[in-house]
Every structure is written in structure tokens, then in C-alpha cells.
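Before any comments, here is the structure.
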Amino acid sequence: MYTSITKIKEDVLQCHKCSLGASRKNTVFGEGNVHARIMLVGEGPGRDEDELGRPFVGRAGQLLDKMLASIALTRNDVYIANILKCRPPGNRDPEPEEAAACIGYLRAQVALIKPKIIVCLGRVSAKHILGQDIRIMRDRGVWHKVKGFWIIPTYHPAALLRNELLKKDAYKDLLAIKARFNELGE
Ligand code: SF4
Ligand code: URA
């Protein structure tokens, strides 16, 4: 059991529990408000994130900022992390053993930050957080109450960049997230 976010981060910085530890440039631990009521979870670092060591700093990240702004939130209101802390070469999906090796760090982050709402960005995130096979078009926008957390899968911003038509439903999800956020209060 971790007692501080800093301790988790120290372990991630030197982690070689899976083979991605050998190919990464930087670990991408996650960042944001450690007192946030909303935590956003992506899949894993891409090229830009691997370069900079920060989550969602590429094109998808810029769209994510706009999505947050559309419901009057900023990065300071949320905490952003990923299933994987190191980049899979070529941005391929995580291998099951990589996700299994890494997800303990995310669980530790969740245990310390204690968000009320967890937003799974995309199929891979939702699959590992909810522990079930996900079809994102079918399963997005549905709330799951698990161990006191409100969890909702929605589209990954990279999917919205590929297909603008998905944005309408993504916005519905954002409004549902904002409504839940307001309802849960301080
Ligand atoms: Fe460790 Fe996770 Fe990086 Fe694998 S992806 S080396 S488990 S921090
Ligand atoms: N995509 C992700 O899933 N996570 C990031 O941090 C960046 C892009």
C-alpha cells in the first residue's frame, strides 16, 4: 500500500516490470489535481507524451482540453493518467501482460486521489478498468457504480479526431459527466 503519490511516482520512474520499460524515453505517470473529483484515464503514452513525460500533450490532448473546456473544466480540476505508464512501440494496443504489470500503479493512484468519477477514455481504458470486453460504440455513456466510484466509458479523443461524427455522442457523455459532478457536490 502506498501512502503518497510521490512514492508511486518514484517506483514508476524506475519501473521495469514489463518490457516497455526498456523502450520508453520517459515514463508518463499522470498529473493534475490530486484532490480532483474527476479522474480521466487514457490508454498509454503516445510519441509526444513519451518525449515530454506528460499525459495527453499531443493532438488528442489538445482536443481533450477543448472537451474539458466545453463543460467549464480545466486540467486543474481533474487528474489525468493512463493504464500504461510507458509507450508501446508504434502506439500499438497494450499486451495483456503489460497492462497487468502496470495497472497496480493506476489502482494506487485511484486509492490515494479517491475521485468520485472515473472517465475511461476509449475501449482499452474501459476494458481494463471495468474488467470486461467493451465495444465502445455500444457501451459508452453508461454509468457503472463500482466500489463507490462512478465510472463511465466514453470515446478517446484520438477517435474523435479520426471521426468527427462521434463528437455528438462524446458531448452527450461530457454533459452527463458534468451533471454527475454537480450532483455529487463537494
Ligand atoms: Fe513498469 Fe508500467 Fe512501464 Fe511496464 S509500462 S515498465 S509496468 S511503468
Ligand atoms: N493517448 C492516451 O491514451 N494517453 C495519452 O497520455 C496520450 C494519448
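The values are calculated or read from the model by the stated rules, or taken from the named source; none is laboratory data. Please read these numbers as outputs of a predicted model, since none were measured by experiment. Methodologically, a virtual Cβ is constructed for each residue, glycine included, from the backbone with ideal geometry; neighbour enumeration extends over all protein chains shown. Note: areas computed on protein heavy atoms with side chains; ligands, DNA, RNA excluded. Shrake-Rupley method; radii C 1.70, N 1.55, O 1.52, S 1.80 Å.
Key figures for this structure:
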| item | result |
| --- | --- |
| Mean separation of Cα contacts under 8 Å, 6 or more apart, over the residue count of region 5-184: relative contact order % | 24 |
| Note, ³J(HN,Hα) from phi for region 131-143, Karplus 6.51, -1.76, 1.60, rounded to Hz, x at Gly and Pro | x, 8, 5, 10, 10, 5, 5, 7, 9, 5, x, 9, 7 |
| Region 89-186 - convex hull of alpha carbons, volume per residue in Å³ | 111 |
| Translational diffusion of the chain, µm² s⁻¹ [Kirkwood Rh, Cα pairs; Stokes-Einstein; 20 °C; 1.002 mPa s] | 131 |
| The chain, accessible surface, carbon-and-sulfur percent (1.4 angstrom probe) | 51 |
| Accessible area per residue in Å² at 1.4 Å probe, computed on the chain | 51 |
| Computed helical MRE - 222 nm, the chain, DSSP H runs ≥ 4 contributing -39500 (n - 2.57), nearest 500 | -13000 deg cm²/dmol |
| Cβ-Cβ FRET estimate between ALA72 and LYS114, R0 fixed at 35 Å, reported to 0.05 | 0.95 |
| Cβ-derived FRET efficiency at R0 25 Å, LEU175 paired with GLN62, nearest 0.05 | 0.75 |
| All lysines inside 20 Å of LYS116 as judged from Cα atoms, apart from same-chain residues fewer than 8 positions distant | LYS127, LYS145, LYS147, LYS172, LYS178 |
| Highest-MSF residue in the chain out of ARG123, ARG140, ARG92 [GNM, Cα springs under 10 Å] | ARG92 |
| Inter-part distance where region 85-127 and region 26-47 are each reduced to a Cα centre, Å | 9 |
